[in-house]
Amino acid sequence: MISEDRKRWILDMHHKTKLTDFPSFEFEDDSGKYPKWIDELSAEELDWYSDYVDSMTETEYINSLAK
């Protein structure tokens, strides 16, 4: 079970992350590029975060990231 504090931390880190911190998938050379805070997530937390991101539309996702 993921604590509410940990969920808040994950969401806070998500909102501080810029779209450019993720790979563009247009260029092979940046395919390993991703926010380092994701390395700190447990498998359960990563599943929760993936479900959170999957629940958004593309526009909602882009708007939820830092500018």
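Please treat every number below as a calculation from the coordinates, not as lab data. Bear in mind the structure is a predicted one, so any value in this text is a computation, not a measurement. Glycine gets a Cβ as well: all are built from the backbone with ideal geometry, and neighbour counts include every protein chain shown.
As a test of the formula, what do you get for the chain when each DSSP H run with n ≥ 4 contributes -39,500 (n - 2.57) and the sum is divided by the residue count, at 222 nm and rounded to the nearest 500 deg cm²/dmol?
Mean residue ellipticity at 222 nm (helix-derived): -14500 deg cm²/dmol.
Let me spell out the model: positive unit charges on the Cβ of Lys and Arg, negative unit charges on the Cβ of Asp and Glu, origin at the Cα centre of the chain. What dipole size does that give, in debye rounded to 20? The partial results should precede the final answer.
Values: 8 positive and 17 negative charges, 77 e Å.
Around 380 debye, computed over the chain.
Quote to one decimal, in nm, the extra length available between residue 3 and residue 59 on full extension: 0.36 nm per residue of separation minus the C-alpha distance between them.
17.4 nm
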For the stretch 57-67, what does the Karplus curve 6.51 cos²θ - 1.76 cosθ + 1.60, with θ = phi - 60°, yield as ³J(HN,Hα) per residue in whole Hz, taken in order and with x for Gly and Pro?
-> 6, 4, 5, 4, 4, 4, 5, 7, 8, 5, 8
Here Rg/Rh (Cα, Kirkwood) for the chain equals 0.97
Nearest 10, in degrees from 0 to 90: the angle of helix 43-54 to the longest Cα principal axis of the chain is 60 degrees
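Can you tell me, using C-alpha contacts under 8 Å and at least 6 residues apart, the relative contact order of the chain as a whole percent?
45 percent
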What ³J(HN,Hα) values, in whole Hz, does the Karplus curve 6.51 cos²θ - 1.76 cosθ + 1.60 give for the stretch 37-42 when θ = phi - 60°, with x put for Gly and Pro?
-> 5, 5, 4, 7, 7, 6
What full-extension length gain, to one decimal in nm, is calculated for residue 39 and residue 19 as 0.36 nm per residue of separation minus the Cα-Cα distance?
-> 5.5 nm
